[in-house]
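Participant: Once you've had a glance at the structure underneath, I'll fire off some questions.
The values are calculated or read from the model by the stated rules, or taken from the named source; none is laboratory data. Please read these numbers as outputs of a predicted model, since none were measured by experiment. Cβ: placed from backbone, ideal geometry, glycine included. Neighbour counts: every protein chain shown. Please note that ligands, DNA and RNA were not included when accessible areas were found on the heavy atoms of the full protein model with its side chains. Shrake-Rupley method; radii C 1.70, N 1.55, O 1.52, S 1.80 Å.
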Amino acid sequence: MTQFIKLLARNQLALAGGIILSIVVLVSILVPILPLQPPDVTNTADRFMAPFSEGHWLGTDHLGRDLLSRLLWGTRLSLAVGAAAAIVAAVIGSAIGIVAGYFGGTTDNVIMRGVDMLMAFPYILLALAIVAALGPGLMNALIAVAAVNIPFFARNIRGITVGIAHKEFVDAAKLAGKGHLTILTTEILPNVVPVIVIAMSTTIGWMILETAGLSFLGLGSQPPQADLGSMLGEARSALITNPHTSVVPGLMIFIIVMSINLLGDGVRDALDPRLRSGALSRPKPTTTVARQSSPPHGPGEGVLDIRELETQFHVGKRVFKAVNQVSLNIEPGECLGVIGESGSGKSVTALSVMGLVASPPGVITGGAVFHGGQDLVGARYSTLRRLRGDKVAYIFQDPLSTLHPLIRVGEQLAEAIRVHHPVGKAELRQRAIDLLNDVRIPNAESRVDSYPHEMSGGMRQRVAIAMALANEPEVIIADEPTTALDVTVQAQVLSLLDDLRREHNVAIMFITHDFGVVAQLCDRVAVMYGGQIVEQGTTDDILANPAHPYTRKLMECVPELGAGRRELAAIPGLPPAVDDLPPGCAFAPRCHKAQAECTKAPIEMTRGGGRAVRCLYPETKLVEEEPA
Amino acid sequence: MSLALQLDDLSKTFPVGKPLFGPAKAHVRAVRPVTLQVETGETLGIVGESGCGKSTLARMLVGLLPPSTGEIKIEGHRLNNANPAEFGRSIQYVFQDPISSLNPRKSIRSILEVPLKRLHGMNAEARRARISEIFASVNLREEFLERYPHEFSGGQAQRIGIARALAANARIMVLDEPVSALDVSVQAQVLNLLARLKGEFGLTYLFISHDLAVVEAVSDRVAVMYFGAVVEVGKAEKIFAAPRHPYTNLLAGSAPVVGRPLTPPEAKGTELPDPLNPPPGCPFAPRCPKATEICRDVDPPLEQMGEDQFAACHHPLDA
Ligand SMILES: Nc1ncnc2c1ncn2[C@@H]1O[C@H](COP(=O)(O)OP(=O)(O)O)[C@@H](O)[C@H]1O
Ligand code: SF4
Ligand code: SF4
Ligand SMILES: [Mg+2]
């Protein structure tokens, strides 16, 4: 709530709207106790007095009634009617929307067709028709305005409800013995109330305007009762001779509607969760770089050399050390596995290589990434864009994040090549077909014209791999590319990747949380925990003799096929939050070997025999490094 | 041994493209007739790839979906589908996505109170005592009770989901991918908790997962589903070691295992048949290395093969 108010107050227009509206509402509430002249007493002798006259600050109207008094009483009435119409429309419309969205099926169909029919009429004509049928009068105007706004609420709330009704907590409530009515009121309603509030705050201004419109036409409030619309209507004939009688209520309508709409937009924005996370602030094309110390020197080893990389997220006052002093290098044709649990920093490491971490809030605060002798951290956007997809390509868990849903896969492949290499049209198509053949897609000649949605998940992931291969990159960074796939499909995608790196000599950085996959595909492996690499070495060494207690425990947790029914080893506790890392070893709170020494200072990497481990009491001693 | 669950020819067909009035244009058979028994105190694992009908089957068992044909007997009784509370007292469901199974606007205490109040009519005092007891048994601190779901990690949220199922005091639990959304180190914690609770409260589990190794580690028996049907049932320690059905064999051969070299599994494709237009005969035939003429014509029934193994295949693998 305080966060909501803060966000709202940051929006100055909304703040101004809120202040003006509060004043107007406050005054209208106080109207009965203000020392005002009676609004309906006519005094034809004093008709059309100008503003600032003695006893009549705003002058008088055509019947000599005090305009100030009529304005305030009229404002009070217009606000009340508008608010009442909004509440009626919101309650009935939301009820319809919730019922339609929750029950779905035929109920939904019938209700929403009815709502569509209502919406098919021009809005103001419908309101006029309703008043014509019910007869003029303020109450009937209220009903008409509420009625024409019901479809708006019904549609909006139905959409939200459909999403919520399919959430698992609704099923859980059914199993806990709740009936439909209780579920609607106690499970669904609390989740749609914010949306109803937003919809109301953005429509109440229009409803006041519509009621005023009906009163203006003489269909709303009846003389002598004043509301803003009827005041305007009555002043119409004197528009030229005595403009102040029109200007006064007109200005008030303008002030009310403007302030409500400004505030309403502010409320909508402040309640929008995307705005809260800062996602609506436009991301920069590359990750912000703010290195605290001078970066390591090049040219770097292998085809990709990540050195002492540090990437952080700065959210408000909190600093998330997502990647902390990570060093990795990959030789041509090699497959390096990066393994760790969610939140350990695998993906951020991968995205930092090409400056793809969203900024804000991401910042690279240290280290370097060398490729072809040049440091990619801090390279210009144009350099990174030239390399992205050409020398260094990515494959993500969800292939749809790289494939455009509305473009044929062949065209997307062709486009990917054309960006970096100008080739003719016919050749592009042939290259696309060759690529699909390379990733073992059957009937590549016809599949090249398919859309992504016409393919299964495994097929789409192969197209994503083909995209990555399009420009014969030197490095492919694959971030959990098989996690969302079924085991049989995963096995085929893995063996495909293995073949490709042998055929094309590409280096692969393979990110996963699965030891089985690492064991089958990777030459070397790096284990990540709490943003750091805690162990690195050849896959065979690490699987046979894990040195870091975390690696060993993690391997023991994973059930392996073929051992039958058994108790599993678990690691107590939870992975650490990277904005609040313990001092010293990040694994210490969960480590059975932890000593006082472990929590004193950051643990350095110990190297030896081609391996490295970040632990004071490793499970196996590393072979001493030969003195150089 | 008494039966906790008895399914006879249970199937589910969904209409697709149904107009406002009148019959649907086509039907999808999400679950083809399934006949299965689960003994009291047993853990039956159910494995299969996404879309093979595991969740649809589970939702029928707990009364969230009415079956199209067949019947379910829970502890010997047929339950009324119109009354979810009747199901709720004897069979409970633990969901795959722990966070979305908790209403974001309710405190944990009010979530746990619902089954106690609605299914067992407990008064406030009894509820308070029972909630403390259950919360302790899933290893959560009582101060968490006043918090809201978004404050919990996946593993903690899943324990709360398990606590809610325990609160209903049902003796059968359907666990639908209960650890798939969790990290491996936390996954093992939850699996061990489930094993302990089972012994403590004498529960019967239906454990659904796509992860063969997990299912093997927790189950007594395993049923393998393909394209809406059970194609093989057998003892957990035997079914993947000595599968009789070629699909079970493919699954077991595809799971990545430390120390086994990477070879593409022996299968012609990975495509499932079109559910709107299922082929006659065995649905696995287009991918099966052993398929022959009869496989494409006649859908094989589930038959006993060996002592306690059943498979639906015309040319079963050797034991
Ligand atoms: N409401 C529905 N309407 C139509 N088809 C459905 C519906 N629910 C599930 N299905 C279909 O049923 C099949 C089985 O789905 P599901 O039970 O979710 O499998 P799993 O749990 O193994 O992922 C899938 O082909 C799916 O598309
Ligand atoms: S440094 Fe200490 S706490 Fe950390 S893993 Fe090694 S033994 Fe455990
Ligand atoms: S019935 Fe035929 S096609 Fe089906 S699994 Fe058995 S051998 Fe294969
Ligand atoms: Mg499922």
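Participant: What about B:ARG118, is it open to solvent by 50 Å² or more (accessible area, probe 1.4 Å), modelled with pLDDT of 90 or more and charged (D, E, K, R)?
Facilitator: Values: open to solvent by 50 Å² or more (accessible area, probe 1.4 Å): yes; modelled with pLDDT of 90 or more: yes; charged (D, E, K, R): yes.
Spelling it out, B:ARG118 is indeed open to solvent by 50 Å² or more (accessible area, probe 1.4 Å), modelled with pLDDT of 90 or more and charged (D, E, K, R).
Participant: Return a yes/no flag: does the range B:145-158 have any residue that is more than 9 Å from every other protein chain (Cβ to nearest Cβ) and under 20 Å from the mean Cα position of the chain (by Cα). Show your work before the answer.
Facilitator: Step one: list which residues in the range B:145-158 are more than 9 Å from every other protein chain (Cβ to nearest Cβ), which gives B:145-148, B:150-152, B:157-158.
Checking the rest, the ones that are also under 20 Å from the mean Cα position of the chain (by Cα) come to B:157-158.
Within the range B:145-158, one or more residues are more than 9 Å from every other protein chain (Cβ to nearest Cβ) and under 20 Å from the mean Cα position of the chain (by Cα).
Participant: Of the conditions (1) modelled with pLDDT under 90; (2) open to solvent by 60 Å² or more (accessible area, probe 1.4 Å); (3) under 24 Å from A:ILE260 (Cα atoms), A:PHE4 satisfies every one except a single condition; which number is it?
Facilitator: So the condition that A:PHE4 fails would be (2).
Participant: I would also like to ask the following. Being more than 16 Å from ligand 3 (Cβ to nearest atom), within 11 Å of chain B (Cβ to nearest Cβ) and of a type in the set (Ser, Thr, Tyr) is true for just one of A:THR539, A:THR620. Which residue is that? Reasoning before the result, please.
Facilitator: Values: A:THR620 fails: within 11 Å of chain B (Cβ to nearest Cβ).
Testing whether each residue is more than 16 Å from ligand 3 (Cβ to nearest atom), within 11 Å of chain B (Cβ to nearest Cβ) and of a type in the set (Ser, Thr, Tyr) leaves just A:THR539.
Each row is one residue, and each column tells you yes or no for (1) away from ligand 3 (no atom under 16 Å from the Cβ); (2) within 18 Å of B:GLN187 (Cβ to Cβ); (3) open to solvent by 60 Å² or more (accessible area, probe 1.4 Å).
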| position | (1), (2), (3) |
| --- | --- |
| A:ARG552 | yes, yes, yes |
| A:GLU560 | yes, yes, yes |
| A:ALA563 | yes, yes, yes |
| A:PRO583 | yes, no, yes |
| A:CYS591 | yes, no, no |
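Participant: Before we move on, is A:LEU68 surrounded by fewer than 24 Cβ atoms within 10 Å (Cβ to Cβ), over 37 Å from the mean Cα position of the chain (by Cα) and farther than 16 Å from A:SER28 by Cβ? Before you say what the answer is, go through the steps one by one.
Facilitator: On the way: surrounded by fewer than 24 Cβ atoms within 10 Å (Cβ to Cβ): yes; over 37 Å from the mean Cα position of the chain (by Cα): yes; farther than 16 Å from A:SER28 by Cβ: no.
So A:LEU68 fails the test.
Participant: Further question on the same structure: State whether one or more residues within the range B:27-40 are more than 30 Å from A:GLY114 (Cβ to Cβ), outside any strand (DSSP E or B) and either within 16 Å of ligand 2 (Cβ to nearest atom) or touching a residue at least 12 places away in the same chain (Cβ under 8 Å) (or both). Give the derivation first.
Facilitator: Within the range B:27-40, the first condition is being more than 30 Å from A:GLY114 (Cβ to Cβ), and the residues that meet it are B:29-40.
Within this subset, residues satisfying the condition of being outside any strand (DSSP E or B) are B:40.
Checking which are either within 16 Å of ligand 2 (Cβ to nearest atom) or touching a residue at least 12 places away in the same chain (Cβ under 8 Å) (or both) leaves us with B:40.
Within the range B:27-40, one or more residues are more than 30 Å from A:GLY114 (Cβ to Cβ), outside any strand (DSSP E or B) and either within 16 Å of ligand 2 (Cβ to nearest atom) or touching a residue at least 12 places away in the same chain (Cβ under 8 Å) (or both).
Participant: Restricting attention to the range A:78-92, which residues are out of contact with any Asp or Glu (no Cβ under 9 Å at 6 or more places or on another chain) and open to solvent by less than 10 Å² (accessible area, probe 1.4 Å)?
Facilitator: A:ALA86, A:ALA89, A:ALA90
Participant: A follow-up question, please. When residues of the range A:237-257 are filtered for being in contact with a helix residue (DSSP H, G or I) (Cβ under 7 Å, 6 or more places away or on another chain) and either open to solvent by 20 Å² or more (accessible area, probe 1.4 Å) or under 13 Å from A:LEU77 (Cβ atoms) (or both), how many remain? Explain how you work it out, then say what you get.
Facilitator: Within the range A:237-257, the subset in contact with a helix residue (DSSP H, G or I) (Cβ under 7 Å, 6 or more places away or on another chain) is A:238-239, A:245-246, A:248-250, A:252-253, A:255-257.
The next check asks that each one be either open to solvent by 20 Å² or more (accessible area, probe 1.4 Å) or under 13 Å from A:LEU77 (Cβ atoms) (or both); those that pass are A:239, A:248-250, A:252-253, A:255-256.
Qualifying residue count, the range A:237-257: 8.
Participant: While we're on this one: Counting just the residues of the range B:156-181 that are open to solvent by less than 20 Å² (accessible area, probe 1.4 Å) and within 15 Å of B:SER100 (Cβ to Cβ), which one comes out farthest from ligand 4 (Cβ to nearest atom)?
Facilitator: The qualifying residue farthest from ligand 4 (Cβ to nearest atom) is B:ILE160.
Participant: Quickly run through the range A:481-505 and pick out the residues that are surrounded by fewer than 23 Cβ atoms within 10 Å (Cβ to Cβ) and more than 13 Å from chain B (Cβ to nearest Cβ).
Facilitator: Matches in the range A:481-505: A:GLU503, A:HIS504, A:ASN505.
Participant: Which one is nearest to A:PRO136 (Cα to Cα), of the residues in the range A:215-236 that are of a type in the set (D, E, K, R) and buried (at least 22 other Cβ atoms within 10 Å of the Cβ)? It would help to see each step written out before you state the result.
Facilitator: Taking the range A:215-236 as the starting set, the residues that turn out to be of a type in the set (D, E, K, R) are A:227, A:234, A:236.
Filter once more, so that each one left must be buried (at least 22 other Cβ atoms within 10 Å of the Cβ): A:227, A:234.
Values: A:ASP227: 14, A:GLU234: 16 Å.
In this case the residue turns out to be A:ASP227.
Participant: Residue check: is B:ILE46 more than 9 Å from every other protein chain (Cβ to nearest Cβ) and within 16 Å of ligand 1 (Cβ to nearest atom)?
Facilitator: On the way: more than 9 Å from every other protein chain (Cβ to nearest Cβ): yes; within 16 Å of ligand 1 (Cβ to nearest atom): yes.
Yes: the conditions hold for B:ILE46.
Participant: Also: Test each condition in (1) over 21 Å from B:LEU44 (Cβ atoms); (2) open to solvent by 80 Å² or more (accessible area, probe 1.4 Å); (3) within 8 Å of chain A (Cβ to nearest Cβ) for B:PRO256 and report the one that comes out false.
Facilitator: (2)
Participant: Take the residues of the range B:2-49 that are of a type in the set (Asp, Glu) and within 20 Å of B:PHE87 (Cα to Cα): which is nearest to the chain's Cα centre (by Cα)?
Facilitator: Pass one, the range B:2-49, residues of a type in the set (Asp, Glu): B:8-9, B:39, B:42, B:49.
In the following step, the residues that additionally are within 20 Å of B:PHE87 (Cα to Cα) were identified as B:8-9, B:39, B:42.
Working: B:ASP8: 17, B:ASP9: 17, B:GLU39: 15, B:GLU42: 14 Å.
Residue satisfying both the conditions and the ranking: B:GLU42.
Participant: On to the next question. Considering B:ILE294, B:ILE239, which residue is more than 26 Å from the chain's Cα centre (by Cα), more than 14 Å from B:GLU49 (Cα to Cα) and more than 7 Å from chain A (Cβ to nearest Cβ)?
Facilitator: Details: B:ILE239 fails: more than 26 Å from the chain's Cα centre (by Cα).
The conditions single out B:ILE294.
Participant: Next up: Being within 14 Å of chain B (Cβ to nearest Cβ) and of a type outside the set (Ser, Thr, Tyr), is that true of even one residue in the range A:201-219?
Facilitator: Initial filter on the range A:201-219 (within 14 Å of chain B (Cβ to nearest Cβ)): none.
Among the residues of the range A:201-219, not one is within 14 Å of chain B (Cβ to nearest Cβ) and of a type outside the set (Ser, Thr, Tyr), which makes the answer no.
Participant: Against the definition (over 22 Å from B:ALA188 (Cβ atoms) and either within 13 Å of chain A (Cβ to nearest Cβ) or not polar (S, T, N, Q) (or both)), how does B:ALA319 come out, yes or no?
Facilitator: Yes: the conditions hold for B:ALA319.
Participant: Something else about it: Take the residues in the range B:10-41 that are loosely packed, with under 13 Cβ neighbours inside 10 Å and on the phi > 0 side of the Ramachandran plot, then tell me which one is farthest from ligand 4 (Cβ to nearest atom).
Facilitator: B:GLY22
Participant: Which members of the range A:125-150 meet the condition of being surrounded by fewer than 22 Cβ atoms within 10 Å (Cβ to Cβ), aliphatic (A, V, I, L, M) and either without any contact (Cβ under 8 Å) to a residue 12 or more places away in the chain or farther than 12 Å from A:THR211 by Cβ (or both)?
Facilitator: Those that are surrounded by fewer than 22 Cβ atoms within 10 Å (Cβ to Cβ), aliphatic (A, V, I, L, M) and either without any contact (Cβ under 8 Å) to a residue 12 or more places away in the chain or farther than 12 Å from A:THR211 by Cβ (or both): A:LEU125, A:LEU126, A:LEU128, A:ALA129, A:ILE130, A:ALA132, A:ALA133, A:LEU134, A:MET139, A:ALA147.
Participant: Counting only residues that are open to solvent by less than 30 Å² (accessible area, probe 1.4 Å), away from ligand 1 (no atom under 16 Å from the Cβ) and free of Cβ contacts under 8 Å to residues at least 60 places away in the same chain, how many does the range B:50-99 have?
Facilitator: Count: 2.
Participant: Here is a follow-up. Do any residues in the range B:281-295 that are modelled with pLDDT under 90 and of a type in the set (Asp, Glu) have Cβ atoms under 7 Å from those of residues that are part of a helix (DSSP H, G or I) and within 16 Å of ligand 2 (Cβ to nearest atom), where the two are at least six apart or on different chains, and which pairs are they?
Facilitator: As it stands, the answer is none, since no pair meets every condition given.
Participant: Would you mind telling me which numbered condition in (1) within 16 Å of ligand 3 (Cβ to nearest atom); (2) modelled with pLDDT of 90 or more B:PRO33 fails?
Facilitator: (1)
Participant: Which residues, counting only those in the range A:398-415, are at pLDDT below 90 and either buried (at least 17 other Cβ atoms within 10 Å of the Cβ) or closer than 17 Å to A:VAL506 by Cβ (or both)?
Facilitator: Answer for the range A:398-415, where residues must be at pLDDT below 90 and either buried (at least 17 other Cβ atoms within 10 Å of the Cβ) or closer than 17 Å to A:VAL506 by Cβ (or both): A:PRO399, A:THR402, A:LEU403.
Participant: While we're looking at this one, here's another question. Take B:PHE284 and tell me if it is more than 11 Å from chain A (Cβ to nearest Cβ), aromatic (Phe, Trp, Tyr) and more than 8 Å from ligand 3 (Cβ to nearest atom).
Facilitator: On the way: more than 11 Å from chain A (Cβ to nearest Cβ): yes; aromatic (Phe, Trp, Tyr): yes; more than 8 Å from ligand 3 (Cβ to nearest atom): no.
Here the answer is no, as B:PHE284 does not meet what is asked.
Participant: Oh, and also: Which one of B:LEU112, B:LEU102 is open to solvent by less than 80 Å² (accessible area, probe 1.4 Å) and within 8 Å of chain A (Cβ to nearest Cβ)? Before the answer, list the steps.
Facilitator: Values: B:LEU112 fails: within 8 Å of chain A (Cβ to nearest Cβ).
It is B:LEU102.
Residues are listed down the side, and each one gets a yes or a no for (1) in a loop (DSSP other than H, G, I, E, B); (2) farther than 17 Å from A:ILE533 by Cβ; (3) touching a residue at least 40 places away in the same chain (Cβ under 8 Å):
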{"position": "A:MET555", "(1), (2), (3)": "no, no, yes"}
{"position": "A:PRO559", "(1), (2), (3)": "yes, yes, no"}
{"position": "A:ALA563", "(1), (2), (3)": "yes, yes, no"}
{"position": "A:PRO572", "(1), (2), (3)": "yes, yes, no"}
{"position": "A:PRO576", "(1), (2), (3)": "yes, no, yes"}
{"position": "A:CYS585", "(1), (2), (3)": "yes, no, no"}
{"position": "A:ALA594", "(1), (2), (3)": "yes, yes, no"}
{"position": "A:GLU604", "(1), (2), (3)": "yes, no, no"}
